[in-house]
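Asks: I have a structure I would like to understand better, so I am pasting it below and will then ask my questions one at a time.
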Amino acid sequence: MLKRIRELEDKQLLRGVWWNTGIFAVVFLILCYLAGDRDYVSFQAAVIILIVVYIPGLLLLLAMYVKADADTRKAYNMRIGLVAAAGVIIALWRYMN
């Protein structure tokens with residue numbers, strides 16, 4: 001599996017990430033409309049649909065991480081750490097209030 005990931009070109013991975021981002025944005029806007037004031041879709045169903053649509057993007061990002069060199073991985077690790085720290089801070093802030 002790792003051998004197949006390393007054989008992929010960067011353009012293919014980047015194109016996949018862009019397509020996934022576009023599809024996620026369109027699905028997000030449609031679900032916002034349907035699950036908003038209209039109540040055609042429940043909030044729980046909308047969240048599950050968004051998670052299912054987002055999973056291929058996460059797998060593409062993981063493939064990009066596996067394919068990256070050491071310097072790029074270091075930058076990815078810093079971004080992941082910043083996002084995790086922000087999540088912890090937001091969770092603590094909500095818990096305290």
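Asks: Give the residue, chosen from Leu34, Leu13, that is free of Cβ contacts under 8 Å to residues at least 24 places away in the same chain and of a type outside the set (Lys, Arg).
Replies: On the way: Leu13 fails: free of Cβ contacts under 8 Å to residues at least 24 places away in the same chain.
On inspection, the qualifying residue turns out to be Leu34.
Asks: Let me ask something else about it. For residues in the stretch 52-76 being surrounded by 13 or more Cβ atoms within 10 Å (Cβ to Cβ) and farther than 19 Å from Ile5 by Cβ, which is nearest to the chain's Cα centre (by Cα)?
Replies: Among those residues, the one meeting the criterion is Tyr54.
Asks: Between Ala25, Ala68, Ala63, which is of a type in the set (A, V, I, L, M, F, W, C) and touching a residue at least 24 places away in the same chain (Cβ under 8 Å)? Please lay out each step first, then the result.
Replies: Details: Ala25 fails: touching a residue at least 24 places away in the same chain (Cβ under 8 Å); Ala68 fails: touching a residue at least 24 places away in the same chain (Cβ under 8 Å).
The match here is Ala63.
Asks: May I ask you to list the residues in the stretch 15-29 that are among the aliphatic types (A, V, I, L, M) and modelled with pLDDT of 90 or more?
Replies: Taking the stretch 15-29 and keeping what is among the aliphatic types (A, V, I, L, M), we get 17, 23, 25-27, 29.
Passing the criteria: Ile23, Ala25, Val26, Val27, Leu29.
Asks: Scan the stretch 77-96 and tell me whether some residue there is among the hydroxyl-bearing types (Ser, Thr, Tyr) and open to solvent by less than 90 Å² (accessible area, probe 1.4 Å).
Replies: Just the residues of the stretch 77-96 that are among the hydroxyl-bearing types (Ser, Thr, Tyr), to begin with: 95.
Next, only the ones that are open to solvent by less than 90 Å² (accessible area, probe 1.4 Å) stay: none.
No; the residues of the stretch 77-96 include none that is among the hydroxyl-bearing types (Ser, Thr, Tyr) and open to solvent by less than 90 Å² (accessible area, probe 1.4 Å).
The values are calculated or read from the model by the stated rules, or taken from the named source; none is laboratory data. These figures come from a predicted structure and were not determined experimentally. Positions of Cβ are backbone-derived with ideal geometry, glycine not excepted, and every protein chain shown enters the neighbour counts. Just so you know, the surface numbers come from the protein's heavy atoms only, side chains and all, with ligands and any DNA or RNA stripped out. Shrake-Rupley method; radii C 1.70, N 1.55, O 1.52, S 1.80 Å.
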